[in-house]
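Participant: Got a structure here, written out as structure tokens. Questions coming.
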Amino acid sequence: MLDRMPSWNRILHSRWLFRGGLILAVSCVLLVAGLLVYGAYLATFLELPRNEDHPALRLYTAPFQLKAGLSLKVARLPERLQRLGYRAVKAPVASPGDYQLTPEALTIFLHAQPETFVKANVVTLALEDGVVTQVLSEPDRTPIFPVFLEPELISGLRGSSRQVREWIPLSQMPPRLVEAILAVEDRRFYSHPGIDPMAIGRAVWRNLTKGGVVQGGSTITQQLAKNLFYTPQRTFARKVKEALAAIVLETKYRKQDILESYLNEIYLGQAGFVSIYGVGEAAHRYFGKNVGELTTGEMAMIAGLVKGPNTFAPTKHRALAQQRRDVVLRLLREQGHVTEHEWKVAVNQPLQVAPPDDVLADAPYFLDTVLRQVEEAIGTPLPEGLRIDSTLDAIMQQIATEGLENGLARLERAYPALRGSDQLLQGAVAILEPSTGAMLALVGGRDYRVSQFNRAVQAHRQAGSLFKPFVYLAAFEASRTGTPPYMTPASLLADEPVTFESEGVTWAPQNYDKQFRGNVTLRSALEQSLNVPAVRVAKVVGTQPILDVIRQLGVTSALTNDLSLALGSPAVSLLDMVTAYGVLANRGIWVHPTSLRAISDRDGLVLWTPAPDRRQGVSPQAAYLVTSLMEGVVQRGTAAKAKVLGLTGSIAGKTGTTDGYRDAWFVGYTSELVIGVWVGFDDERAIRLTGAQAALPIWMDIARRMLPEHIDPFTPPSGIVARAIDPKTGQLATSQCPEQVEEVFIEGTEPTVYCEVHGGGIWERLRHRFGFS
């Protein structure tokens with residue numbers, strides 16, 4: 001019995017071996033079958049992308065209206081035409097895109113505008129001293145209205161990640177660029193079947209000896225499969241899928257097709273908020289060149305980016321980018337793709353990055369803003385092929401960008417202390433059309449490549465004296481409805497020492513120059529930006545009515561409910577301030593600010609248009625009074641240096657300087673345009689300059705190039721009356737008063753008492769009684 005036990009064990013052992021082998025065989029068969037099925041699935045559905053597979057997201061400026069009163073010089077109309085591809089001709093215009101300019105007329109053969117169903121047609125702009133007097137349709141020369149130049153394409157983005165790419169056929173790629181990428185990424189690309197066992201073995205050995213993942217073994221085909229079809233997860237299962245997909249691609253497509261797709265689809269870094277894909281766009285974004293114009297060193301740098309696009313980006317990490325470039329150049333030399341002389345020349349060349357000077361570079365803050373609004377309107381991810389019609393005016397954007405850049409540089413030259421730190425002096429510009437709420441231009445900082453933080457929209461800084469007009473606006477609104485304290489522009493305010501107590505804290509506001517002027521008119525108090533009278537008015541009006549008015553003007557930032565509100569203690573955005581001042585320019589009507597006009601899909605179907613969003617924020621009468629006060633700021637007050645512009649007509653505006661001289665502001669407007677400027681440091685240290693010294697000169701430079709020479713005056717609404725007053729008393733002037741000024745009032749609030757200091761007034765009373773005044 002005992003002798004049979006070993007035989008029984010052998011039998012059991014053999015059975016277990018058989019079963020184990022059977023299970024293993026079945027598992028292998030199932031695994032192979034699964035791989036074959038998955039491979040067949042991949043072979044059916046995997047396709048390499050083509051250029052037409054990624055229609056660009058097209059972003060357009062606003063159309064430009066051709067109308068009477070337009071100055072060719074101020075509007076820079078010839079430049080606008082050239083940007084749209086129009087051609088200047090000496091003979092009469094003959095085909096779409098021609099234009100002929102003479103001293104008497106500008107004749108344009110307008111391009112067709114299929115999206116608005118407008119056919120190509122000829123119009124003539126009759127001119128007198130460079131100003132359009134009529135817009136006529138040809139050939140019958142009848143007046144035509146409205147007429148628009150077509151929108152300008154300012155950006156072609158692709159994909160939900162805000163990608164930019166330019167598809168280039170492999171036949172147009174420089175051979176050395178292809179060699180550089182193959183040298184560093186997949187030197188056996190033309191000999192392996194999609195996976196490279198030698199590279200995998202080498203990577204496994206290095207990772208084992210180094211105790212971690214220090215090298216990958218993926219081929220170019222595997223990288224392409226991963227980028228196109230799989231998530232970035234680093235798991236064994238995903239690696240197997242990636243390898244199988246690579247083999248399928250190699251079976252289904254030629255090596256040249258795979259390489260072309262790879263070179264056009266590979267991620268190569270960021271240009272601000274935009275993702276750069278493909279070697280063509282990398283050449284454009286980093287060097288401002290076409291791929292055919294790249295030097296050997298530049299090609300090597302682009303090849304080196306594949307390993308770590310943001311780590312080795314020359315715009316961010318110049319030293320690392322140069323080291324990586326030199327690694328690629330060494331491989332090119334070792335593999336015989338460059339000579340010893342070519343290698344020495346390339347490796348000794350300094351790395352020079354020259355991003356292009358195009359509209360994408362000129363308006364990146366605006367583009368970021370409009371894309372965020374698109375995402376809010378239709379959600380994310382954004383469908384490919386969208387057409388986005390924005391409110392941008394490309395010429396105004398260019399003027400604003402140049403104005404801010406040049407103005408900040410001038411300040412640094414004039415005040416060297418502004419350059420004494422690692423942080424650059426910063427600024428922002430916002431330009432709004434008050435009647436429509438359209439953002440015409442937006443500059444959120446000095447250099448978007450260095451900082452993508454949008455200081456026009458995202459930054460919240462104390463507004464300083466920009467809030468003083470709101471205090472007086474609240475007072476005028478109260479007076480209009482018969483509520484105390486019954487204030488008008490002629491009211492006398494005490495500019496004298498005063499203290500206020502709140503929760504046990506005593507506050508004694510001071511003027512900018514630490515001086516007091518006694519009694520001053522409300523108009524003079526705002527023109528000279530006096531703090532003490534503003535706080536006194538806020539005290540008697542009450543902070544809640546002032547807060548209510550500020551909210552009606554569209555300010556959405558958090559606000560403080562105390563008397564410091566009168567001096568602009570709340571932190572607000574530049575867009576907030578431009579919107580609020582736009583309400584004053586627009587006769588008290590608030591219009592929602594927007595950068596977006598419409599969104600259409602790739603087939604032209606309109607997906608979104610803005611719903612009307614406007615309301616009467618404040619009365620047109622109170623808005624006009626405050627505008628009249630701020631005209632005085634520009635004519636006689638803290639912004640009087642703006643008069644050197646030589647502009648005639650009505651400009652209203654207000655300077656702003658915060659406590660400690662950390663922020664400098666100026667917001668100025670006409671009836672058609674609001675321009676706001678902010679200057680300061682991101683870390684909020686003092687610039688030790690006022691709004692008149694820092695922000696106003698930049699505003700002046702922008703306005704000088706943007707506003708017409710003759711600006712239409714602000715039209716008073718019904719319910720406004722004018723009276724001659726004595727500025728010393730605020731009472732109606734008489735013939736005995738040594739000084740008389742004309743002042744405006746909301747009807748029913750004008751003074752009725754004649755000057756009690758200088759006497760007289762008998763003849764004035766008689767004239768008024770009999771209707772002669």
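Participant: I'd like the full set of residues that are at pLDDT below 90 and assigned to a helix (DSSP H, G or I), limited to the stretch 320-366.
Facilitator: V359, L360, A361, D362, P364, listed by residue number.
Participant: Inspect all residues belonging to the stretch 371-385 and state whether any of them is within 30 Å of K289 (Cβ to Cβ) and at pLDDT 90 or above. Don't jump to the end; show me each part of the working.
Facilitator: Of the residues in the stretch 371-385, the ones within 30 Å of K289 (Cβ to Cβ) are 371, 382, 384-385.
If we keep only those that are at pLDDT 90 or above as well, we get none.
Checked against the condition, which is being within 30 Å of K289 (Cβ to Cβ) and at pLDDT 90 or above, the stretch 371-385 yields no hits at all.
Participant: If I go through the stretch 369-390 residue by residue, how many of them are under 30 Å from L77 (Cα atoms) and open to solvent by 10 Å² or more (accessible area, probe 1.4 Å)?
Facilitator: Count: 4.
Participant: May I ask you to list the residues in the stretch 72-126 that are assigned to a strand (DSSP E or B) and either among the hydrophobic types (A, V, I, L, M, F, W, C) or touching a residue at least 60 places away in the same chain (Cβ under 8 Å) (or both)?
Facilitator: Once the filter is applied, which keeps residues that are assigned to a strand (DSSP E or B) and either among the hydrophobic types (A, V, I, L, M, F, W, C) or touching a residue at least 60 places away in the same chain (Cβ under 8 Å) (or both), the stretch 72-126 yields A88, L101, A105, L106, I108, F109, L110, V118, V122, V123, L125, A126.
Participant: Another question, if that's okay. So, in the stretch 729-746, of the ones that are assigned to a loop (DSSP other than H, G, I, E, B) and in contact (Cβ under 8 Å) with a residue 40 or more places away in the chain, which residue ends up nearest to L473 (Cα to Cα)?
Facilitator: Within the stretch 729-746, the subset assigned to a loop (DSSP other than H, G, I, E, B) is 729-730, 733-740.
If we keep only those that are in contact (Cβ under 8 Å) with a residue 40 or more places away in the chain as well, we get 729-730.
Details: T729: 22, G730: 18 Å.
Per the criteria, the residue is G730.
Participant: Oh, and also: Inside the stretch 303-319, can you point out the residues that are in a helix (DSSP H, G or I) and surrounded by 23 or more Cβ atoms within 10 Å (Cβ to Cβ)? Spell out the reasoning first.
Facilitator: Step one: of the stretch 303-319, the residues in a helix (DSSP H, G or I) are 303-305, 318-319.
The answer is A303, G304, L305.
Participant: Can I ask one more? Out of the stretch 550-582, which residues are over 22 Å from the mean Cα position of the chain (by Cα), of a type in the set (A, V, I, L, M) and not in a loop (DSSP other than H, G, I, E, B)?
Facilitator: Matches in the stretch 550-582: I550, L563, L565, A566, L567.
Participant: I need the full set of residues from the stretch 689-736 which are acidic (D, E), under 28 Å from D495 (Cβ atoms) and surrounded by fewer than 17 Cβ atoms within 10 Å (Cβ to Cβ), in order please.
Facilitator: Initial filter on the stretch 689-736 (acidic (D, E)): 701, 709, 712, 726.
Subsequent filtering for residues that are under 28 Å from D495 (Cβ atoms) retains 726.
Listed by number, the list is empty, since nothing qualifies.
Participant: Could you grab me the full set of residues in the stretch 701-728 that are part of a strand (DSSP E or B) and not basic (K, R)? Even if it seems obvious, please write down each step before you answer.
Facilitator: Of the stretch 701-728, the ones part of a strand (DSSP E or B) are 710-711, 720-726.
Those that are part of a strand (DSSP E or B) and not basic (K, R): H710, I711, I720, V721, A722, A724, I725, D726.
Participant: Considering only residues that are open to solvent by 30 Å² or more (accessible area, probe 1.4 Å) and under 31 Å from the mean Cα position of the chain (by Cα), which ones fall in the stretch 81-120?
Facilitator: Q82, R83, L84, G85, R87, H111, A112, P114, E115, T116, F117, V118, listed by residue number.
Participant: If you don't mind, there's one more thing I want to ask. Hey, among the residues in the stretch 583-631 that are of a type in the set (V, I, T) and under 22 Å from A430 (Cα atoms), which one's most open to solvent (accessible area, probe 1.4 Å)? Spell out the reasoning first.
Facilitator: Restricting attention to the stretch 583-631, the residues satisfying the condition of being of a type in the set (V, I, T) are 583, 589, 591, 594, 599, 606, 609, 618, 626-627.
Narrowing the set further to residues that are under 22 Å from A430 (Cα atoms) leaves 583, 589, 591, 594, 626-627.
Working: V583: 2, I589: 49, V591: 16, T594: 20, V626: 1, T627: 3 Å².
Of everything passing the filter in the stretch 583-631, I589 is most open to solvent (accessible area, probe 1.4 Å).
Participant: Are any of the residues in the stretch 260-273 assigned to a helix (DSSP H, G or I) and open to solvent by 30 Å² or more (accessible area, probe 1.4 Å)? Before you say what the answer is, go through the steps one by one.
Facilitator: Of the residues in the stretch 260-273, the ones assigned to a helix (DSSP H, G or I) are 260-265.
Okay, now just the ones that are also open to solvent by 30 Å² or more (accessible area, probe 1.4 Å), so 260.
The answer is yes, given that some residue of the stretch 260-273 is assigned to a helix (DSSP H, G or I) and open to solvent by 30 Å² or more (accessible area, probe 1.4 Å).
Participant: Now for a different question. Has the stretch 673-681 got any residue that is part of a loop (DSSP other than H, G, I, E, B), buried (at least 19 other Cβ atoms within 10 Å of the Cβ) and not aromatic (F, W, Y)?
Facilitator: yes
Participant: OK, next. Could you please find all residues in the stretch 127-139 being hydrophobic (A, V, I, L, M, F, W, C) and touching a residue at least 60 places away in the same chain (Cβ under 8 Å)? Even if it seems obvious, please write down each step before you answer.
Facilitator: Keep residues of the stretch 127-139 that are hydrophobic (A, V, I, L, M, F, W, C), which gives 127, 131-132, 135-136.
V131, V132, V135, listed by residue number.
Participant: Moving on. Say we look at the stretch 217-240 and pick out the residues that are open to solvent by 60 Å² or more (accessible area, probe 1.4 Å), under 18 Å from P49 (Cβ atoms) and in a helix (DSSP H, G or I); which of these is modelled with the highest pLDDT?
Facilitator: That would be K226.
Participant: Still on this model: Quick one: count up the residues across the stretch 174-214 that are at pLDDT below 80, surrounded by fewer than 13 Cβ atoms within 10 Å (Cβ to Cβ) and either of a type in the set (S, T, N, Q) or part of a loop (DSSP other than H, G, I, E, B) (or both).
Facilitator: So the answer is 5.
Participant: Restricting attention to the stretch 621-633, does a residue exist that is touching a Leu at 6+ places or on another chain (Cβ under 8 Å), in contact (Cβ under 8 Å) with a residue 60 or more places away in the chain and part of a loop (DSSP other than H, G, I, E, B)?
Facilitator: no
Residues checked against (1) of a type in the set (V, I, T); (2) in contact (Cβ under 8 Å) with a residue 40 or more places away in the chain; (3) open to solvent by 50 Å² or more (accessible area, probe 1.4 Å); (4) on the phi > 0 side of the Ramachandran plot:
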residue: M301; (1), (2), (3), (4): no, yes, no, no
residue: R325; (1), (2), (3), (4): no, no, no, no
residue: Q349; (1), (2), (3), (4): no, yes, yes, no
residue: I395; (1), (2), (3), (4): yes, yes, no, no
residue: A400; (1), (2), (3), (4): no, yes, no, no
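Participant: Can you tell me which residue is farthest from S619 (Cα to Cα) among those in the stretch 544-566 that are at pLDDT 95 or above and open to solvent by 30 Å² or more (accessible area, probe 1.4 Å)?
Facilitator: Q544
Participant: Would you be able to say whether some residue in the stretch 525-537 is of a type in the set (G, A, S), within 25 Å of E743 (Cα to Cα) and open to solvent by 20 Å² or more (accessible area, probe 1.4 Å)? So that I can check it myself, show each step before the final result.
Facilitator: Looking only at the stretch 525-537, we keep the residues that are of a type in the set (G, A, S), and these are 525, 529, 534.
Restricting the remaining residues to those that are within 25 Å of E743 (Cα to Cα) gives 525, 529, 534.
Within this subset, residues satisfying the condition of being open to solvent by 20 Å² or more (accessible area, probe 1.4 Å) are none.
No, because not a single residue in the stretch 525-537 is of a type in the set (G, A, S), within 25 Å of E743 (Cα to Cα) and open to solvent by 20 Å² or more (accessible area, probe 1.4 Å).
Participant: Among the numbered criteria (1) among the hydroxyl-bearing types (S, T, Y); (2) modelled with pLDDT under 95; (3) closer than 28 Å to N511 by Cα, which single criterion is violated by T734?
Facilitator: It fails just one condition, (3).
Participant: Same structure again: Is there any pair linking a residue in the stretch 56-71 that is among the charged types (D, E, K, R) to one that is surrounded by 20 or more Cβ atoms within 10 Å (Cβ to Cβ) and assigned to a loop (DSSP other than H, G, I, E, B), with Cβ under 7 Å and at least six apart or on different chains, and which?
Facilitator: none
Participant: Follow-up question, since we're still on this one. In the list E334, E340, which residue meets the criterion of being open to solvent by 60 Å² or more (accessible area, probe 1.4 Å), free of Cβ contacts under 8 Å to residues at least 24 places away in the same chain, under 30 Å from S218 (Cβ atoms) and not hydrophobic (A, V, I, L, M, F, W, C)? Lay out the reasoning, then the answer.
Facilitator: Working: E340 fails: under 30 Å from S218 (Cβ atoms).
Unique residue meeting the criteria: E334.
The values are calculated or read from the model by the stated rules, or taken from the named source; none is laboratory data. In this text, all values refer to a predicted model and were calculated from it rather than measured experimentally. In this analysis, Cβ positions are derived from the backbone assuming ideal geometry, glycine residues included, and neighbour counts consider all displayed protein chains. For accessibility, only protein heavy atoms count, side chains too; no ligands or nucleic acids. Shrake-Rupley method; radii C 1.70, N 1.55, O 1.52, S 1.80 Å.
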